[in-house]
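Everything on this sheet refers to the single structure shown next.
The values are calculated or read from the model by the stated rules, or taken from the named source; none is laboratory data. Note that this is a predicted model, so its numbers are computed, not measured. All Cβ positions, even for glycine, are placed from backbone atoms using ideal geometry, and neighbour counts span all protein chains on display. Heads up: the accessible areas ignore ligands, DNA and RNA and are worked out on the full protein's heavy atoms, side chains in. Shrake-Rupley method; radii C 1.70, N 1.55, O 1.52, S 1.80 Å.
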Amino acid sequence: MPERYGPRVIEHLVNPRNAGEVSGPSGVGEAGNAACGDQVRFTLAVGEDLRLEEVRYRAYGCAACIAAGSALAELVEGRTIIGAARVSRGELQEALGGPLPPGKEHGVTLALDALHRAFEDYWSRQGDALLAGDGFGDGSGGRRGVVAAMSGGVDSAVTALLLKERGYEVVAVTFRLHDGEPGSRSCCSPDTVLFARETAHQMGIPHFTLNLRELFDRRVMRDFVGSYAAGRTPNPCVACNAHVKFHAAAFLADRLGLRHVATGHYARVGEGPCLERPEDGRKDQTYVLWPVPRELLGRTIFPLGDYRKDEVRRMAEERGLAVARTPESQDICFIPDGDYRSFVRRRVRSEPGEIVDRRGRVLGRHAGVVNFTVGQRRGLGVSASTPLYVTEVRPESRQVVVGSRRELEVREVLVRSANWFLDPREAALVQVRYNSEPVPCEVERGGDGWEVRLLEPVFGVAPGQSAVFYTRDGTKVVGGGIIARRDAA
Ligand SMILES: Nc1ncnc2c1ncn2[C@@H]1O[C@H](COP(=O)(O)OP(=O)(O)OP(=O)(O)O)[C@@H](O)[C@H]1O
C-alpha cells in the first residue's frame, strides 16, 4: 500500500464500508473497465420517497478506486436521490481527507461516474411512460423547483445559475440523445456529459443524466432520414422539442415533485401561456419552439429570454464558469461534421431518377431524391442559360422538378399537425423557413389542416419545414405546424 495515501483513505481500505451488491437493485452503474484494470460498480435500492435505502459498491483495481467507492457509498446511503446527485468531486475528496495523490484522482472520477450511471439506470427503469410518449402532469402540486436541461454549453449553464440565484430549487439534467463522439463537441459525447455534471456541481446543483437514445432515435433521427427519402426537408430541432426534450424534463420534474422545467433557449413565456420573442433578436429560437405542448409551456421558464448572448457569456465569465468560452453548438447536434447529405445517404438506399422541368421534359438524371431539397440551386448537374432551382421533389416517381426562380414563388401553403398557443385568428404573419423574415398571411381551416394565404410571395417553401405564425405586431407566437405537400395524402 503506497504511503502516499492519507489516513482516511487507508481507513477505507482496511475497513471498507458498504461493499457488496444490493439484491434486486433499482439501479446499477459501472465505470471503468476490467481490461484496463480499474472498475467501480454501484447498486442501489431507492425507496418510494426517493431515498437511497441501500447503496453497495464493488471496486476492482487500484486502492484509490476501492477507497473512493467506499467513501462515496457511505456518503450517499440514506440521502435522497437529489441530495446524493449533488455530491461533487470536492465533497468526495474531502470525505477521503483531501485530494488523492497525483495519478490516483481517477478513483474519484470512476466512483462518481459509476454512481451517476446507477442513477441513470434507475431513471431508465422508471421511464416506460416517457418512452411511450405518454403525458406529464401540470406541475401544480410540485414544489417551487425546476428541472434545468443542461447540454454542457454556456447557455444552459447560465440558465441553471440564474434560476438558482432567483431562489428556485434547481436540478440539472443532461440527455444522452445519440452516441456522439468522444472528444467531439457533440452535446452527448461522454466527455460533455461529465463536463455538464461538473459544471452543475460547481454551482452546487444536483445533476442527473437521462438516457434518451431510443426515444431520440425513434422520434428524431429516423424521422430526419425518412423525411429526406419522402421528399421533405425536416427540422430535427423542432422534432426534438416536440417529442423529446421538454417531455423528458417534465418527466423528471414530475418524479422529483418539482413544478417547472427550463432550457437555455432564447424565448419568453408570456400570459396565456404563450410564446414570445426574446430580448436578443439575433438569437431568437421561437421558430423551433412552436411544438411545445401548451400545458408544458405553462410550466416552462426560459431565463435567457431577457438577456443578450454577450451578457450571458459575461455572466458565465464573472461567475468563473468553465463553460464561458465554449463555442456555439453546431446546427444539427447528431451530425457533428455538418454533412447531413452524407449522413442521410449512409442510411437510405438512393435510387436514380430523372430531373424534369415543370412540363415533364427530361433535362437530366440524378442519383437519388435524398440529395435534393426545394430551393436548392447547386449540384443539380443540369446546365441551362438561366439559373435553375429545385421546385419540387417527387419521391413516388423519383423525379426532381427544376425551374426558374419565378417558379419557386409560393402564395399558398398547407399546414398540418398544428399546435396553437393563441386563437388561430390572431395569426397575421408567418415564417416558413428557419432563416427568413415572416410575411403577412391569412389562415383558415382547410381539409385536414390549415390553408395559409401568403400576402407576399415567398420563394422556395419546402414541405417538412415549419410554418410559424406570429401576431400582427410580430412579438408573440400564435402557433405553428408542418408544411405539407399539396398532393400528399
Ligand atoms: N443533450 C442535452 N441535454 C440537456 N439539455 C439539452 C441538450 N441539448 C440541448 N439541451 C437544452 O436545449 C437548449 C437549446 O439547445 P441548443 O442545441 O439550441 O443549444 P444552445 O443554444 O447552443 O445552448 P447551450 O449553450 O446550452 O448548448 C439548451 O440550452 C439546453 O437547455
* To do: Just add up the charged neighbours of residue 75: K/R +1, D/E -1, any other residue whose Cβ is under 10 Å from the Cβ of residue 75.
  => -2
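Show me the GluC sites (Glu not before Pro) within region 371-418 that DSSP assigns to loop and that have at most 13 other Cβ atoms within 10 Å of their Cβ.
Values: sites: 392, 396, 407, 409, 412; in loops: 396.
The qualifying sites are 396.
Does region 408-483 come out rounded, prolate or oblate, given a ≥ b ≥ c as the square roots of the eigenvalues of its C-alpha gyration tensor, rounded meaning a/c under 1.5 and, failing that, prolate meaning a/b above b/c?
Working: a/c = 1.45, a/b = 1.14, b/c = 1.27.
Rounded.
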* Structure fact -> The simple spin-label model distance between residue 362 and residue 35, using points 7 Å out along Cα→Cβ, in nm, is 5.2 nm
* Between residue 60 and residue 448, 0.36 nm times their residue separation minus their Cα-Cα distance comes to what? -> 133.6 nm
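Once you have a ≥ b ≥ c as the square roots of the Cα gyration tensor eigenvalues for region 141-319, tell me rounded if a/c is under 1.5, and otherwise prolate or oblate according to whether a/b is larger than b/c. Mind dumping the intermediate values first?
Details: a/c = 1.39, a/b = 1.22, b/c = 1.15.
Judged from the Cα gyration tensor, region 141-319 comes out rounded (a/c under 1.5).
Tell me the trypsin sites (Lys or Arg not before Pro) within region 366-433 that lie in a loop according to DSSP and have at most 12 other beta-carbon atoms within 10 Å.
Details: sites: 377, 378, 398, 405, 406, 411, 416, 425, 433; in loops: 377, 378, 398, 433.
Loop-located and lightly packed - 378.
Considering only DSSP beta bridges where both residues belong to the chain, give the percentage that are antiparallel (nearest 5). Mind dumping the intermediate values first?
Working: 56 of 76 bridges.
So the antiparallel bridges in the chain amount to around 75 percent.
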* Once you put a point 7 Å from the Cα of residue 435 and another 7 Å from the Cα of residue 218, both along the Cβ direction, what distance in nm separates them? -> 3.5 nm
* Structure fact -> Probe 1.4 Å, all chains present, heavy atoms only: residue 283 accessible area in Å², nearest 10, is 50 Å²
* So, counting K/R as plus one and D/E as minus one, what does the shell of residues with Cβ under 10 Å around residue 482 add up to? -> +2
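Less than 11 Å Cβ to Cβ from residue 54, Lys/Arg counted +1 and Asp/Glu -1: what total charge do the surrounding residues give? Before the final figure, lay out each step's value.
Details: positive: 51, 56; negative: 21, 53, 77.
Once positives and negatives cancel, what remains is -1.
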* To do: Please get the size of the charge dipole for the chain, origin at its Cα centre, with Cβ charges of +1 on Lys and Arg and -1 on Asp and Glu, quoted in debye to the nearest 20.
  => 1240 debye
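At a Förster distance of 51 Å, what's the computed FRET efficiency of residue 126 paired with residue 394, Cβ-Cβ distance as r, to 0.05? Let's see the in-between values first.
Values: r = 45 Å, r/R0 = 0.88.
So the FRET efficiency works out to roughly 0.70.
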* **Rough spin-label spacing in nm, given labels placed 7 Å along Cα→Cβ, for residue 82 and residue 406** => 6.5 nm
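What number, in percent, do you get for the relative contact order of region 408-483 if the mean sequence gap of Cα pairs under 8 Å and at least 6 apart is divided by its residue count?
On the way: 185 pairs, mean separation 32.4, N = 76.
With pairs under 8 Å counted, the relative contact order is 43 percent.
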* Dipole-positive endmost among 450, 253, 410 within the chain (Cβ charges, Cα centre) -> 410
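Could you give the size of the charge dipole of region 408-483 about its Cα centre, using +1 on the Cβ of each K and R and -1 on the Cβ of each D and E, expressed in debye and rounded to the nearest 20?
140 debye
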* **Extended-chain gain in nm, criterion 0.36 nm per residue less alpha-carbon gap, residue 144 and residue 15** => 42.3 nm
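Taking R0 as 56 Å, what FRET efficiency do you get between residue 425 and residue 191 from their Cβ-Cβ distance, rounded to the nearest 0.05?
On the way: r = 49 Å, r/R0 = 0.88.
Plugging the Cβ-Cβ distance into 1/(1 + (r/R0)^6) gives 0.70.
Check each of the GluC sites (Glu not before Pro) in region 310-356 and keep only those in coil by DSSP with at most 13 other C-beta atoms within 10 angstrom; list them in order. Kindly include the intermediate steps, with their values, before the conclusion.
On the way: sites: 311, 317, 318, 328, 354; in loops: 328.
Listed in order of number, the matching sites are 328.
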